[in-house]
Amino acid sequence: MTLLAGCSPNEGGRPRPMLTPSEEPTAATSAGAPPPSLRDLDACALLNTALKGKQFPPAEDSDIGSENGCRSNKRGNSTALDLDDQQGVDDVQAAPARIHDGRINGRRIVQVKENGGTAGMCQVLLEVSTKSRAMVTVTLGSRGDTDQACAEAMSTADALEPQLPQAR
C-alpha cells in the first residue's frame, strides 16, 4: 500500500495520508478491517460540522490535547476536539467521582466533569476502539458552570458521533 501526504495550495491544514485510487478500500475488502486511524480524519472539519449553527468561528488546528486536535473559541466558550489513536476511553486520568459512563447512539462514552479541578469544564470521550477515542472538551470558565459545560459537551459529542468510524 502506498501512502501519500500533501497540502493543497487552496486549503490550509496539515498534510493527511491518502490512498492512491487503485488502493482505496472497497466495502468488500474493508468489511473486517480495523477502523481507520483517527490520524486520517480532519479534526477541524469534524468540529466545524458538530458546531454548525452555534455561531462559532472556524476551528483552528491545536496540538494541546493530541497530535490531531482542533479548537474554536467564542466569547465565554472554548470547545475542542482531540482525536487520539493511542488511548481509549478507559485510559482517562481523572478522579473516579468525576467520571460518568454513558452511551450516544449505542457508542460508549465517558463524561469527565472538572478534570484537574477546573470549574466550568467538561469532557466527553467517545470510544472508537479500545485504544482510540475522540474527546470533546468544553470550558466555560467564569461564564458558566460545569453542568452547562457538560450540556454543551454532550450536544457537540452527539453531533460528532455519526461522523466517527464505528466503534470496535
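The values are calculated or read from the model by the stated rules, or taken from the named source; none is laboratory data. Every value quoted in this text rests on a predicted model; they were computed, and no experiment measured them. Heads up, the Cβs are rebuilt from the backbone with ideal geometry, glycines too, and the neighbour counts pull from every protein chain shown. Note: areas computed on protein heavy atoms with side chains; ligands, DNA, RNA excluded. Shrake-Rupley method; radii C 1.70, N 1.55, O 1.52, S 1.80 Å.
Run the numbers for D147 and Q55: contour at 0.36 nm per residue of separation, minus the present Cα-Cα distance, in nm.
Taking 0.36 nm per residue and subtracting the Cα distance, the gain is 31.1 nm.
Might you report the magnitude of the Cβ-based charge dipole of the stretch 123-163 about its Cα centre, with Lys and Arg at +1 and Asp and Glu at -1, to the nearest 20 debye?
200
Starting from the Cα of N105, step 7 Å along the direction of its Cβ; do the same at R39; then give the gap between the two resulting points in nm.
2.6
Considering all projection directions equally, how large on average is the shadow of the alpha-carbon convex hull of the stretch 66-131, in square nanometres?
5.1
Remind me, relative contact order of the stretch 44-86 in percent, using alpha carbon pairs under 8 angstrom and six or more residues apart?
33
Can you tell me which of 102-113, 120-131 comes out highest on packing, and rank the rest after it, using the mean Cβ neighbours within 10 Å?
Numbers: 102-113: 16.6, 120-131: 21.8.
Descending packing order for the listed peptides: 120-131, 102-113.
Take the Cα gyration tensor of the stretch 34-105, multiply each eigenvalue by 5, square-root it, and list the three semi-axes largest first, rounded to whole angstrom.
In descending order the semi-axes read 22, 17, 13 Å.
Quickly work out the N115-to-A95 label distance, labels modelled 7 Å from Cα along the C-beta direction, and quote it in nm with one decimal.
Output for this residue pair reads 1.6 nm.
Among 133-141, 78-86, how do they line up by average Cβ neighbours within 10 Å per residue, starting with the highest?
The most tightly packed comes first, giving 133-141, 78-86.
Using a 1.4 Å probe, what is the accessible area per residue for the stretch 38-106, in Å²? Don't jump to the answer; show the numbers that get you there.
Values: 3930 Å² over 69 residues.
Roughly 57 Å² per residue, with all protein chains present.
When you have a sec, figure out the Kirkwood radius of the stretch 102-157 from all distinct Cα pair distances and drop it here in Å to one decimal?
Result for the stretch 102-157, one decimal place: 11.2 Å.
Normalised by the residues of the stretch 127-168, what does the relative contact order come to in percent, with Cα pairs under 8 Å and at least six apart?
Taking the mean separation of contacting Cα pairs over the length of the stretch 127-168, I get 52 percent.
Specify, per residue and in Å³, the volume enclosed by the convex hull of the alpha carbon atoms belonging to the stretch 50-168.
Roughly 97 Å³ of hull volume per residue.
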